[in-house]
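Chemist: Take a look at this one; I'll ask things after.
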Amino acid sequence: MVTMFSKHRVSDYEAWRKAADDYRDARKKAGVTSEAIYQSADDPNEITWMLDFETIEAARAFPNNQELRS
């Protein structure tokens, strides 16, 4: 298993979360086996996203997935 962490700031957590939830199946298709989203205690629009993959190849390909980038 490979774990990827992505930390970034979103402009509106609630709107971002809805969009993220809408693409859960696409992430699964891209190789994500489990995930968790954490919000900063000081700023709810600062998130850390933990994504698990079965292989390093799936993790490396994930940031370039065109369906998810759009």
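The values are calculated or read from the model by the stated rules, or taken from the named source; none is laboratory data. Remember, predicted model here, so these are calculated numbers, not experimental data. Glycine also receives a Cβ, built like all others from the backbone with ideal geometry; neighbour counts cover every protein chain displayed.
Table: residues versus (1) of a type outside the set (Asp, Glu); (2) at pLDDT 95 or above; (3) within 17 Å of GLN66 (Cα to Cα); (4) assigned to a helix (DSSP H, G or I).
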| residue | (1), (2), (3), (4) |
| --- | --- |
| THR3 | yes, yes, no, no |
| ALA19 | yes, no, yes, yes |
| ARG27 | yes, no, yes, yes |
| THR33 | yes, yes, no, no |
| ALA36 | yes, yes, no, no |
| ASP42 | no, yes, no, no |
| ILE47 | yes, yes, no, no |
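Chemist: Among the residues in segment 54-69, are any part of a strand (DSSP E or B) and within 11 Å of the chain's Cα centre (by Cα)?
Modeler: The answer is no; no qualifying residue exists.
Chemist: Something else now. I'd like the full set of residues that are loosely packed, with under 11 Cβ neighbours inside 10 Å and within 23 Å of ILE56 (Cβ to Cβ), limited to segment 8-35.
Modeler: Hits for segment 8-35 are HIS8, ASP25.
Chemist: Quickly run through segment 5-28 and pick out the residues that are touching a residue at least 24 places away in the same chain (Cβ under 8 Å) and among the basic types (Lys, Arg).
Modeler: Within segment 5-28, LYS7, ARG9, ARG27 meet the criteria.
Chemist: In segment 49-64, what residues are crowded, with 18+ Cβ neighbours inside 10 Å and modelled with pLDDT of 95 or more?
Modeler: Of everything in segment 49-64, those that are crowded, with 18+ Cβ neighbours inside 10 Å and modelled with pLDDT of 95 or more turn out to be LEU51, PHE53.
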